[in-house]
Amino acid sequence: MGSPGGGRLVDEPASGLRSTFQRDRDRVVHSTSFRRLEYKTQVLVNFEGDHFRTRLTHSLEVAQIARTLSRVLGLDEDLAEALALAHDLGHSPFGHAGEWALDAALRPFGGFDHNVQTFRVVTRLEQRYALFDGLNLSVETLEGLAKHNGPLPTPSPAIADHPLAAAMQLALQPPLEAQISAIADDVAYCNHDMDDGLRAGFFTLADLRDLPVVGAVVREVETAHPAVDARRLIHETNRRLIDRMVADLVAETERRLAETRPRSVQDVREAGRPLAGFSAEMTTAVGKLRHFLHARMYRHYKVNRMARKAQRLVTELVGALLHAPDCLPDRWQQRAGAPGSAATADAVRDYVAGMTDRYAVDEHDRLFKLAGFRS
């Protein structure tokens, strides 16, 4: 369903070496925001262990799954990969805890949404090119990022006011590559969060045995490899479960496509429902796994403690900078207005959202620790 590309906001000469979507992907990979993902929390903060996922490793895993799905289904792999790699560029430090704190602190000024922030990053905040702000991505890639969670009948002004908003047909379904990228996100985070939770000791493989689909995979692995150590059993379970989910996605998506018979991207947009998705059985299984992870991992007391610290840190950062914009670095101070103003809130939102975990900690120390007087 992919196409050669419907154009960019700022016209650029075509590349003789890369397609439109390959250029989009490469611009994402070379962006500052993409590099920062290495030091942004997925669930467990990155300085708690070298092998836990970060936003960067999560994005790479999503891209791998999206490419596999796109190849099997005959879609544009490069567009799906570009969307997968870019989908979390707008995430704040400290995962969802940081996002919730940022949203609450800026609620009088429209709050914070990481999907909207991703759109702002790729259309405005990345400032690398001589002729334009942002990455000047193709309209198809912008559409896929805007619709990462589905149609947008009432889009944020940051998206609705973009000059290409009409071409993105925001109220309709996303193209198949965007749907694939979004559901690859679900496959990746369910599986790698399960893996990280097992490795962190929040639960064991035995705790998963009663879950639909997941439990069957656990029992299958334990039966086939009774003498293998726990670390290998975890990996074997994880890889088989990803394979099971991807195979289900392919079969169900092919079934929906055969039933709907779309002949164009526009047919996909106007289908009235997603054409990529899990079967009913797998949808139930994924929902049960998510519920388990919420109870046993996302709300684990160690995660709660770190989330509490993160929320306090982000809240204090935003509050201090919102009411003292003269403490912002020069680039951001130039965008700010009076203390507590909407212009200052916009500058603070973009500044704090762009921070890595460790930069946020250091900036908080500089603003609040008395030891900062000696540095």
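The values are calculated or read from the model by the stated rules, or taken from the named source; none is laboratory data. Note that the coordinates shown come from a computational prediction; the quantities given were computed from them, not determined experimentally. Positions of Cβ are backbone-derived with ideal geometry, glycine not excepted, and every protein chain shown enters the neighbour counts.
For (1) among the β-branched types (Val, Ile, Thr); (2) surrounded by fewer than 23 Cβ atoms within 10 Å (Cβ to Cβ); (3) within 21 Å of the chain's Cα centre (by Cα), each residue gets a yes or a no:
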residue: LEU152; (1), (2), (3): no, yes, yes
residue: MET168; (1), (2), (3): no, no, yes
residue: PRO175; (1), (2), (3): no, no, yes
residue: ALA178; (1), (2), (3): no, no, yes
residue: TYR189; (1), (2), (3): no, yes, yes
residue: PHE203; (1), (2), (3): no, yes, no
message: Take the residues in the range 112-149 that are of a type in the set (Gly, Ala, Ser) and either surrounded by 17 or more Cβ atoms within 10 Å (Cβ to Cβ) or touching a residue at least 24 places away in the same chain (Cβ under 8 Å) (or both); name whichever of them is farthest from ASP185 (Cα to Cα).
response: GLY134
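Results for (1) in contact with an Asp or Glu (Cβ under 8 Å, 6 or more places away or on another chain); (2) modelled with pLDDT under 95; (3) hydroxyl-bearing (Ser, Thr, Tyr), shown as yes or no for each residue.
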position: VAL62; (1), (2), (3): yes, no, no
position: ALA104; (1), (2), (3): no, no, no
position: PRO108; (1), (2), (3): no, no, no
position: THR123; (1), (2), (3): yes, no, yes
- prompt: When you go through ARG239, ARG244, ARG232 one by one, which is the residue that is charged (D, E, K, R), in contact (Cβ under 8 Å) with a residue 12 or more places away in the chain, surrounded by fewer than 21 Cβ atoms within 10 Å (Cβ to Cβ) and more than 15 Å from MET297 (Cβ to Cβ)?
  reply: ARG244
query: Looking at ALA320, ALA338, which one is part of a helix (DSSP H, G or I), small (Gly, Ala, Ser) and not assigned by TED's automatic domain parsing to the domain that holds THR118?
result: ALA320
task: Would you mind telling me which numbered condition in (1) part of a helix (DSSP H, G or I); (2) farther than 24 Å from LEU322 by Cα; (3) touching a strand residue (DSSP E or B) at 6+ places or on another chain (Cβ under 9 Å) ASN136 fails?
output: (1)
message: I'd like to know if the range 123-132 contains one or more residues that are under 30 Å from SER264 (Cα atoms), of a type outside the set (Lys, Arg), not assigned by TED's automatic domain parsing to the domain that holds ILE242 and not in a loop (DSSP other than H, G, I, E, B).
response: yes
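Tell me, which residue of the range 156-203 that is outside any loop (DSSP other than H, G, I, E, B) and of a type in the set (Asp, Glu) is farthest from VAL121 (Cα to Cα)?
Taking the range 156-203 first, the residues outside any loop (DSSP other than H, G, I, E, B) are 157-160, 165-168, 176-200.
Those left that are additionally of a type in the set (Asp, Glu): 177, 185-186, 193, 195-196.
Numbers: GLU177: 21, ASP185: 19, ASP186: 22, ASP193: 26, ASP195: 30, ASP196: 29 Å.
Going through the qualifying residues, I end up with ASP195.
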statement: The residue that is nearest to MET168 (Cα to Cα), considering only those in the range 8-36 that are surrounded by fewer than 18 Cβ atoms within 10 Å (Cβ to Cβ) and among the hydroxyl-bearing types (Ser, Thr, Tyr), is SER19
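Could you list, in sequence order, all residues of the range 271-292 that are part of a helix (DSSP H, G or I) and either among the small types (Gly, Ala, Ser) or more than 19 Å from ASP248 (Cβ to Cβ) (or both)?
Filtering the range 271-292 down to residues part of a helix (DSSP H, G or I) leaves 280-292.
Residues satisfying the conditions are ALA280, ALA285, GLY287.
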query: Of VAL217, VAL221, VAL228, which residue is assigned to a loop (DSSP other than H, G, I, E, B) and over 24 Å from the mean Cα position of the chain (by Cα)?
result: VAL228
query: Is there any pair with a first residue in the range 46-63 that is under 15 Å from PHE34 (Cα atoms) and a second that is part of a helix (DSSP H, G or I) and at pLDDT below 55 whose Cβ atoms are under 6 Å apart and which are 6 or more apart or on different chains, and what are they?
result: none
- line: If we keep only residues of the range 265-310 that are at pLDDT below 95 and hydroxyl-bearing (Ser, Thr, Tyr), then the residue surrounded by the most Cβ atoms within 10 Å (Cβ to Cβ) is TYR298
- request: Return only the number of the condition from (1) modelled with pLDDT under 95; (2) crowded, with 19+ Cβ neighbours inside 10 Å that LEU317 does not satisfy.
  value: (1)
field: Subset of the range 106-151 (residues that are under 15 Å from ALA178 (Cα atoms) and hydrophobic (A, V, I, L, M, F, W, C))
entry: PHE119, LEU137, VAL139, LEU142, LEU145, ALA146
